[in-house]
Amino acid sequence: MIEFFSTYSGVLDTWPIEPMSKAVPTWVRTARDDYVQNKDMRKSHIFRCSGIGDLYKTGYVVRAWHDFSVQATEHKMSVKTPSDHLDSIAVDIQHAEGIAKFLPRKPGASRNIIKCNTPWHVIAPCKFLMLPVAYADNTDFESCIGILDPSTSTEINVQLYWNKLDEIGTVKAGTPLCHLVPLSDKDYNYVVREATDKDKQWLEKRHYILNMSFVYNIQKMKNLFSRFWKK
């Protein structure tokens, strides 16, 4: 079982984590209509490409849970959200001379990286590959690639490369930010829900492990996760 839970009331009702099939880019629907209307072209049609089509049948989509706007040059970046409260919890900037210093980027992209702090956590028996949404409608940004291991961190936070420079770009609530793919051949059931009392107890324990030392003790977190979520 894969369990996603939200710590922010209302997000579950508006922008829940869903199967990736719920966030298929608009061009796929256009290609499907063309495929149906032009039967003589079926042998070479993009809609028949299983390598692309199967991407949208696998894993889950994480969406923006609020609007935010970005204004960036190669070296500078500012981010705004609809409320001061969200500004303090929702979006950070990974500055070029900090954690983003050694990461390669596309030509013309900002050297800074946006960190979208979502209210989502995941409890699961497997790791996840975090990927950009493939062939996305919005090319202003793309998520960084990495592995999400719930035993190390249950937080689902999305790091974004920003590709649109010298003008303001806006990401609307509900925009797909990234694609989570379970690293397993098993077919897991999943549930998306509000945080329970047990979840809140987990977050308190997790907070202590994160802050008890100068250097994050990954093994202590893994041990705690294994004991706490043992079925």
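Please sort by residue number the GluC sites (Glu not before Pro) in segment 133-231 whose DSSP state is loop and whose Cβ has at most 14 other Cβ atoms within 10 Å. Walk me through the numbers on the way to the answer.
Numbers: sites: GLU142, GLU155, GLU167, GLU194, GLU204; in loops: GLU167.
Answer by residue number: GLU167.
Hey, can you find the accessible area per residue of the chain for me, probe 1.4 Å, expressed in square angstrom? Don't skip to the answer; put the middle values down first.
On the way: 13290 Å² over 231 residues.
On a per-residue basis, the chain sits at 58 Å².
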Return the distance in nm (one decimal) between the two label points of a simple spin-label model at ASN189 and HIS207, each offset 7 Å from Cα along Cα→Cβ.
3.2
Please give the contour-minus-distance gain from SER69 to THR30: 0.36 nm per residue of separation, less the Cα-Cα distance, rounded to one decimal in nm.
11.2 nm
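What is the total of Lys pairs in segment 84-200 with C-alpha atoms under 17 Å apart, excluding same-chain pairs fewer than 8 positions apart?
Taking the Cα cut-off of 17 Å, the pair count is 6.
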Each label point is 7 Å from the Cα along the Cα-to-Cβ direction; what then is the distance between the points at HIS95 and ALA134, in nm?
3.8
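By the scheme Lys and Arg +1, Asp and Glu -1, what is the net charge of all other residues having a beta-carbon under 11 Å from that of THR152?
Details: positive: LYS127, ARG206, LYS220, LYS222; negative: ASP149, GLU155.
Value of the local net charge: +2.
Find how much the distance from LYS200 to TYR8 grows on full extension, using 0.36 nm per residue of separation minus their present alpha carbon separation; answer in nm with one decimal. If you can, show how the numbers build up before the last one.
Numbers: separation 192, 0.36 × 192 = 69.12 nm, distance 1.18 nm.
Once the chain is fully extended between LYS200 and TYR8, it gains 67.9 nm.
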Between HIS85 and LYS57, what is the label-point separation in nm under the 7 Å Cα-to-beta-carbon projection?
4.3
Rounded to the nearest Å, what's the spacing between the alpha carbon centres of segment 160-198 and segment 87-125? Just the number, please.
13
Tell me, what % of the accessible area of segment 131-192 is carbon and sulfur with a 1.4 angstrom probe?
48
In a Gaussian network model over the chain where Cα atoms closer than 10 Å are linked, find which of VAL62, VAL215, VAL28 has the largest mean-square fluctuation.
VAL215
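The values are calculated or read from the model by the stated rules, or taken from the named source; none is laboratory data. Not measured: the values here are computed from a predicted model. FYI the Cβ positions are ideal-geometry reconstructions off the backbone, even for glycines, and counts take in every protein chain you see. Calculation scope for accessible area: heavy atoms of the full protein, side chains included, ligands and nucleic acids excluded. Shrake-Rupley method; radii C 1.70, N 1.55, O 1.52, S 1.80 Å.
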